[in-house]
Amino acid sequence: MTAPLLELDYVSRVYTSGGMLGRRHVRAVDGVSFTVAEDAPEIFAIIGESGSGKTTLARMILNIVPPSEGSIRFRGEALHHAWRRRERLDFMRQVQPIFQNPFEAFNPLKRVDRYLFMTARRFASGDAEQRADEALRQVGLSLAEVRRRFPHELSGGQLQRIAIARALISAPALIVADEPVSMVDASLRMSIVNLFSLLRDRLGVSIVYITHDLATAYTISDRIIIMRDGRVVEAGVARAVLDHPQHPYSQLLKSAVLSVDVTT
């Protein structure tokens, strides 16, 4: 049997605050387990409100912080926070992040094409400009449109597409997208959300899609987990869970989406 692309096994993350006389332990993530398949690219959504632990979970999947308990394996190999540089670069090539705010992903004093060229030289072979242009075309842009432009000369939607293109340059197997459309204008949100579906279908890349938005998760996700207070309260096929939520918290989240009918 093929090992999962990504496997989390009872993963927890505990933070400690306060001094010796008043030390407090907070379980930001508590015993989370799931897998993302290797042989069938999918969009796996992690849904939860602020404070649910979903961003902490993303940071552990990206190997930014280690789990306090449990294990995370990528293609059968456990992640190690103390990897040597070569091992860390190989992991970064295969697992790429897309963060919430595209304006924070780029230095306002540097042209955006510089980021694309640097990524191409670091993680890809061949001509850097050609690789950058190929990645941009996957997201509906071109190098000619962004060449020599600074972040403030582009819209939030354009910047987020450039961030996605940058992630694609290394031909990753997995993208971890943490609230990737929450800072984008509502009129452009669904175009970027639908782009993730195209990347899954055309490029065969799996996506861990982290969001508080049930509507977008329902639209593009294959499977989901719903988190509350660091724990998974419900999991399964996206439409089955969101059409007929069983846990009271899942039902509450669905009832809060007053402007979206997720049963159609």
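Only the coordinates and a few stated rules stand behind these numbers; no lab work does. Bear in mind the structure is a predicted one, so any value in this text is a computation, not a measurement. Please note: Cβ atoms are built from the backbone with ideal geometry, for glycine as well, and neighbour counts cover all protein chains shown.
Distance between the pseudo-spin-label points of GLU69 and ARG239 (7 Å out from Cα toward the beta carbon): 3.7 nm.
Projected onto their three principal axes, the Cα atoms of the stretch 127-264 cover extents of 52, 29, 28 Å, largest first. Among SER221, SER71, sorting on how many other beta-carbon atoms sit within 10 Å of each Cβ, with the fewest leading, yields SER71, SER221. Positive contributions from Lys and Arg (+1) and negative ones from Asp and Glu (-1), summed over other residues with Cβ under 12 Å from the Cβ of THR55, come out at 0. Once the Kirkwood radius over Cα pairs is known for the stretch 6-256, the Stokes-Einstein relation at 4 °C and 1.567 mPa s delivers a diffusion coefficient of 68 µm²/s. Using a cut-off of 13 Å between beta-carbons, work out the net charge of the residues near PRO4 (Lys and Arg +1, Asp and Glu -1, PRO4 not included). Net charge in that neighbourhood comes out at -3. Packing-based ranking of 74-84, 203-213, 157-167, 228-238 yields 157-167, 203-213, 228-238, 74-84, ordered from highest to lowest mean Cβ neighbour count within 10 Å.
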